[in-house]
Amino acid sequence: MTRLSIIVPFYDETAFIRMAAQSIAAQGIDDLEILIVNDNPDQFPPGWLETLDLPGTPRVLHHTVNRGLSAARNTGMAAASGRLIGFLDADDYYLTDGLAAQLELATLSGADITHANACISYPGSPALKPLPRDAVLFSRLHQGDGLAGLESAQFFTSSWSSLYRRDFLHHHGLRFDEEQTKFEDRLFVLETVTRADTIATLGRPVRCWRRRAGSISVTPPDPGILRLQVQLLEKCLAVMRHHAAQPGSPARFLKREVFNTVSRLIWDMDLIRLAVESPSPDTDALIARVTGLLGDDRLGHPIFDDPVLRKISRVGQPSRHGVIGRSDFFALHKALRDGKAEAAQDILRARQPPPPRARRHSGKGGPLNGRRLVLHLGLHKTASTWLQRQLFARRTELGQHGILVPLAGLPDSSFRPVRQGGFPGHQGLLSALRSGDEAPWTALGHEITAARCDTVVISCENLALPTDPDRAALLERLFLRLSGAREVTVVAFVRSPDTWAEAYWAEQVCNGLRAGARSLDEFLVDHADTLTDLPALFAPFEAFAGAEVRLLDHDAAALRRSHWADFGHAADLPLDRVALPQDALAPVYPGPDRTQIQAAMAVNALISAEGLRQRTLRGFFAVSPPGSDRQSLHAPAERLALVRRFAERSADWAARRGYAPDLAALERRLASETWQPPPPCRPMCWTVCATRACKRNTTARPPPRRVPNRPRPCPAGRLPATGSSCVSGCGHGRAPRCAG
């Protein structure tokens, strides 16, 4: 019999499945079985997953129709040959040696259930945080005799937290409830922990739970979702009522589940709000079911002193509903038990914090104090760097026309971009908002007062903050700082929808940001909707300015070399009076090619310290200029999908504001494009070469802008070459040296 079977249900997680499989295969476990269950045969027919050549040589099982996550796990369990069985969602992954450590404990303990903690990552962020419930309940190595010996096991987060003895599951006939096509985990957890003779906990994280945009755990509910949620609550309470009825079973387990049920209704479900604001026969029926499932169970004040619940209770804690206190909790429980959704909603409304108001400039006060403000939102790779350099190089001439381009917030002389030519504009002002540093904003006020100009131009790279998780709070603070303007004009160049998302991602990758180790596919899962939804992107700026943003076509301006004139016209600035020399029209910050991007991704994945990562990339880019491979990393069909999202969400809105690309022509161009996928990347080769480049390029003086001799390719097909001998270990001896 196989030692361990890991079951991976698959629906459409194409951006993540390779990493999931790799994380299993990399554990170094002998006698390991990986089972991938394809539950989306309409989109991915039999044979498709096999073509991916996934690590670990997984066995692929296919459903003939979509049956849901529960059925996919059951299919895997029925086919599994392992003595131990575990589950991994296709968009999650194991941490280094994590599964191996959990398997070792499961083997040594012989426990029916062996739990291990998880980390969580939120949409758009690569940062990992310990799952809060795991951290407070399961932070140490422990083994107990069933639920009575490990009472906190009632609150294991998910089925994928644990490894299960196959004989234990088969003996009790434990399977996932296929009626629960979603939200199946808690029911399976309760059914297993109430039957287990022994339960062990490892006490440290072994996997990452990736909460991605569009996944079940972050998708807004609809009536069908609410029905599944209420059905889950009914079944979970039924399990615990059955358990409580067993001889010697303490009543506290049932009380904890009632408390958890009421908590889910308050904090995790929108049923109360929808039943009041959008009443229907469906919501009325669900409220009646809630009344039935809560029954006559009572909760007294001692429930808040329960040694398990007090560690995870949300009572008295800030939340999207405000702070729900103890008396509120009891009142909500009673209202739900009595079927009075209106009374419950009144309690929630009374505690609801006021929504943030869209801030509009006041026309007086603040550092601007009645002056006109031009706000340039430097969207990544829309010639922002070039425009900023021209503005700052000509700030004296602009000042003679009453236009101030402030020095406050600009990088100082010690600034060294990761890629030569990079310049963030007034990024220092944005950084000060994050850190709470008053100095740049104080300096801005003094500079504006001293200049006595009527117009102030602020240009900041990525000021729109499209992917920032703290976007709303940062923009609120920004608008407060800039609220004294008499008039606000917001200007942005927009790049073609088939290229902007990739260019934005590549900028993160090549600057060594934490998100830069993520693939383009992973990035687009979280951000494709955001980056193609211009109305949502610019809405806060229009609310602040009290006027529509002025959008410009970056691609058209690049063909005409007219960014300077176009910006001046859109911003109502007399830039035509400030001539540019001919050599100023050349690009100063060209985009990276595919080879460079792949190298940067490998560096980001393999070097965890940000400073070292960025120094390594700085050295690499200094000796490895962009090559001739300017193709996209994405096939035309994938870029066409972005164009169609833009057409649906943004095209009409953007056209009214000045940006109206020919989308039909763009679709024709993509349809006829000859595209080749990039060659495979060898991460260790890239990192060795880039690290050597970093060591050779240690001077504080910026390197020359152009390397006179274009590198020749390494015969191994690994890196561009700059010298005589290969340093990557590719076996080509005196072949041209890989760049770096």
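For L32, no residue has an amide H sitting under 5 Å from its own, ignoring neighbours fewer than 5 places away on the same chain, with H placed 1.01 Å from N. Evaluating 6.51 cos²θ - 1.76 cosθ + 1.60 at θ = phi - 60° for every residue in the stretch 659-671, the Karplus couplings come out as 10, 9, x, 7, 5, 5, 5, 5, 5, 5, 5, 5, 5 Hz, glycine and proline recorded as x. Dimensions of the stretch 586-659 from C-alpha coordinates, computed as largest minus smallest value along each principal axis and given longest first, are 45, 31, 24 Å. Considering only beta bridges that DSSP places wholly inside the chain, some 30 percent are antiparallel.
Remark on the stretch 220-355: ratio of C-alpha radius of gyration to 2.2 N^0.38 Å is 1.04.
For C460, the residues whose amide H sits under 5 Å from its own are H376, G378, H426, ignoring neighbours fewer than 5 places away on the same chain, with H placed 1.01 Å from N. When Rg and the Kirkwood radius Rh are both evaluated on Cα atoms of the stretch 388-433, their ratio Rg/Rh stands at 1.01. The helix-only estimate of mean residue ellipticity at 222 nm for the chain, built from DSSP H runs of length n ≥ 4 each weighted as -39500 (n - 2.57), is -12500 deg cm²/dmol after division by the residue total. Each 5 Å bin from zero holds the following percent of Cα-Cα pairs in the stretch 113-190: 3, 13, 21, 24, 18, 12, 7, 2, 0.
When the alpha carbon coordinates of the stretch 343-474 are projected onto the principal axes, the ranges are 65, 37, 26 Å, largest first. The ranking of H554, H242, H63 from fewest to most other beta carbons within 10 Å of each one's beta carbon is H242, H63, H554.
For the chain, the convex hull spanned by the alpha carbon atoms encloses 186 Å³ per residue. Taking label positions 7 Å along the Cα-Cβ direction at both L52 and A609, the computed distance is 3.5 nm, reported to one decimal.
Site pair L128 and D572 shows an inter-label distance of 5.3 nm when each label is modelled 7 Å from Cα along Cα→Cβ. Each of the peptides 150-160, 225-235 was scored by the mean count of other Cβ atoms within 10 Å over its residues; in descending order, highest first, they stand as 150-160, 225-235.
Couplings 3J(HN,Hα) for the stretch 81-92, derived from phi with the Karplus relation 6.51 cos²θ - 1.76 cosθ + 1.60 (θ = phi - 60°), are 10, x, 5, 10, 10, x, 10, 9, 5, 5, 9, 10 Hz, where x marks Gly and Pro. The length gained by stretching the chain between S562 and A539 to full extension, at 0.36 nm per residue less their Cα-Cα distance, is 5.6 nm. Close amide H partners of R3, meaning residues 5 or more places away or on another chain with modelled amide H under 5 Å apart, are R83. Along the axis of the charge dipole computed for the chain (Cβ charges of +1 for Lys and Arg, -1 for Asp and Glu, origin at the Cα centre), the listed residues A72, A671, I448 are led at the positive end by I448. All alpha carbon pair distances within the stretch 1-219 were sorted into 10 Å bins beginning at 0; the resulting P(r) in whole percents reads 8, 36, 40, 14, 1. Converting phi to 3J(HN,Hα) with the Karplus coefficients 6.51, -1.76 and 1.60 and the offset θ = phi - 60°, the stretch 478-491 yields 4, 5, 5, 5, 9, 6, x, 6, 6, 8, 10, 10, 10, 10 Hz in sequence order, with x at every glycine or proline.
When both bridge partners sit in the stretch 1-219, DSSP labels roughly 35% of those beta bridges antiparallel. Packing, as the average of other Cβ atoms within 10 Å across residues, places the peptides 418-427, 603-612 in the order 418-427, 603-612, highest first.
Pairs from the table (K182/K311; K255/K311; K182/K334; K129/K381) lying more than 22 angstrom apart at Cα are K182/K311; K182/K334; K129/K381. Positive-end ranking of A244, V230, A341 along the dipole of the stretch 220-355, with charges on Cβ about the Cα centre, is headed by A244.
Every number here is computed from the coordinates shown, using simple stated rules; none is lab data. What you see is a predicted model; the values in this text were computed from it and never measured. Here the Cβ is made from the backbone with ideal geometry for all residues, glycine too, and neighbour counts use every protein chain on show.
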